[in-house]
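These notes concern the structure reproduced below.
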Amino acid sequence: MESSLYNSPYILRYRHHLPRIIPKPTKTATLKQSIKKISKEYCAESSISGLKHIVDDNASRFERVIWKLTMISGLICSVSLVWITFMRYYRAPLVTTQMPEGVSVSKIIFPAVGICTNNRISKSAIKELARKLLQEERNKNYTEKQMLSLLLGLGLLYNNQPMNDKLVQPMKLHRALGDYDVNELMRNLTPRCEDLLIRCVWNEISMNCSDLFDFRLTMNGYCCTFNYLRQSDITFEDKDSGTRSIDMYKYGNKSNFDYEQGLKILMKLNTSDDFYYNLPLQGAQLQFSDAYDFPDAPSGSFAMQLINPNVQMVVSVKASFTEASRDIQHVPVKLRRCLFYDESSYLPFYTHSDCLLKCRMLFLFAKCKCTPFNMPKMVNKRTCDMRDVPCLKMFNAQSTTVRPDVDVVPPELELDMVGGGINCPMCYPSCSKTAYNYEFMNTKIWPDYLNTVPDSDRDDWLRGANFTGTSIVHVKYAREIADCYGQNVIMKWFDLISNIGSTCGFVTGFSFVSVIEFIYFYTIKLFREIDNRRRQGKRIASETSTTTHFEPTKTNFKPISRYRPIYWNEIGYSTQLRHETTY
């Protein structure tokens, strides 16, 4: 009875209208459906031209394919152009331009000039030292000749070149000298400026050479220096010391362009006082460097020329000035490859020369536990003496070779011959700097003839001078205008954004508003769509769980009136069927 009732057409029709059990969608399915819907809305409403045609229901399939290919091609083209623009900015972010008007040489500091005789030890001074040492009890077994031969070893402190070990014995010399200060000792043995410089002129004004030149330390020991503005021979002090600042470049000796301008020197090379030559030549060395850099050849900012006796040398100086804009400071150092004076933790006041110098000094200190006397003193660091000569000789070649900061060192540099050199990766060129180029012209002079020239025919500063054993030096500017270069970024950040925006706008119509739209659709609208779908799923699941479904063994149906009214003939059929069954 129940089985026939369950399979009756009325019950089957009733079951057709019952709510279906809908499974709860997974998170992945909800996310996919939400992204699909949002993507379609984004394409239909985006400000980027062409996207709306891809989702247009009225467009044919062929039209959609064409628009998809067009948009993909435009996207590839935009990305390629943007990448090229960015890489151009990244790989070559700086540009150096020459200012056509240049800058007057009168506004640039004149280079520092140093004069060092090739004879590094005065014979009269070394004889006086030998007499003092022979009076010491420890040296009673030496004769004056033996002591002078032993003192010849002091020359090893200059160039560390090989010498006859039988004649020069550093440890015996160290014991013979007793308690001594190397810097003071070598200073006292160096020929004096007053014996070397006879007449001096600066910018057509005759001056006392002692007022123009100082007796200062250089890479060749103590020399006569002009316009060397470093305050002391103690370097690498703390930032709070205040010894150096950018304002110092406003001061210093300056000159104009004119043949008679500049520095003129009449020097006398006294060969009778020679004792030790650091170069096997008579004469002197002319040194040129930046006014604030230590005169040191391996550290850059240095030029040198030998001058022989009986020669007039004219040195023509060409200056160039490079000024970097502070706008390049946001560019990484590895890309701009330069440093400003105040952005190095390695030095309180950064210059390329000082950086290389400190790097070399720290290398020698690490190897020999001291620094050579012909380098600036370092605070709390010992100055090398005769005991350290073997160590200095061992690392001399390597200490004067700085390895460039490149990935692959060219074999042409032959750095394997100097122990690989010294690696100083922290030393970049200075962003703003003054560079000097020098041209040297020598003319032979005849002292015997010049001595016969009357004073009326001589230049004012040479009247009454004796030219025997002398040389003349004239350092001047070669031209009135110095080359001036400006260094700046090839494009600033807003220029980069503008170029990228122009490229994207031209190819695909992409703009800043498009970025905001994309972020809005795929953040706020996407989260909103996901949340709506989750709520809808929960509501359907709740309604399904509270609805009673028809089961074959149960008879608790919902009222039929919920679906449609029941007519009398339907009830009558059922009653008639039940009545016939009873009988």
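Residues whose amide H comes within less than 5 Å of that of residue 117, counting only those at least five positions distant or on another chain, are 285 (H built at 1.01 Å from N in the peptide plane). Derived scalar couplings between HN and Hα for the stretch 327-338 equal 5, 7, 5, 7, 6, x, 4, 5, 8, 7, 6, 7 Hz in order, rounded to whole Hz, by the Karplus curve 6.51 cos²θ - 1.76 cosθ + 1.60 (θ = phi - 60°), x for Gly and Pro. Placing one equal scatterer on every Cα of the stretch 308-349 and applying the Debye formula, the log10 ratio I(q)/I(0) at q = 0.13, 0.16, 0.20, 0.27 Å⁻¹ is -0.51, -0.60, -0.75, -1.06.
Measuring nothing but protein heavy atoms, the accessible surface of the stretch 102-162 at 1.4 Å probe radius is 48 percent carbon and sulfur.
Under 5 Å between amide hydrogens, built in the peptide plane, is the criterion, and for residue 310 it picks out 470, 471 among residues at least 5 positions away or on other chains.
Within the stretch 31-142, the proportion of Cα pairs with more than 22 Å between them is 72 percent. Counting only heavy atoms of the protein chains and using a 1.4 Å probe, residue 216 has close to 30 Å² of accessible surface. Once the 1.4 Å probe is applied to the protein heavy atoms, the stretch 269-319 comes out at 34 Å² accessible per residue.
Length gained on full extension, residue 367 to residue 535: 52.9 nm, using 0.36 nm per residue less the C-alpha separation. Only Lys, Arg, Asp and Glu carry charge here, each on its Cβ (+1 for the first two, -1 for the last two); on that basis the stretch 46-135 has a dipole of about 940 debye about its Cα centre.
Evaluated with a Cβ-only charge set (Lys, Arg +1; Asp, Glu -1), the stretch 279-398 carries a dipole of roughly 520 debye about its Cα centre, given to the nearest 20.
Of the peptides 293-302, 371-380, 143-152, the order by per-residue mean of other Cβ atoms within 10 Å, starting with the highest, comes out as 293-302, 371-380, 143-152.
In this entry, the stretch 257-380 is assigned a mean projected area of 12.1 nm², taken as a quarter of its C-alpha convex hull surface. Using a probe of 1.4 Å, the accessible surface attributed to residue 232 totals some 40 Å² when neighbouring protein chains are kept in position. What pairs in 107/334; 172/381; 264/476; 264/318; 123/393 have C-alpha atoms more than 20 Å from each other? Over 20 Å Cα-Cα: 107/334; 172/381; 123/393.
The values are calculated or read from the model by the stated rules, or taken from the named source; none is laboratory data. Everything numeric in this text was worked out from a predicted model, so none of it was measured. FYI the Cβ positions are ideal-geometry reconstructions off the backbone, even for glycines, and counts take in every protein chain you see. With ligands, DNA and RNA removed, areas are computed over all heavy atoms of the protein, side chains included. Shrake-Rupley method; radii C 1.70, N 1.55, O 1.52, S 1.80 Å.
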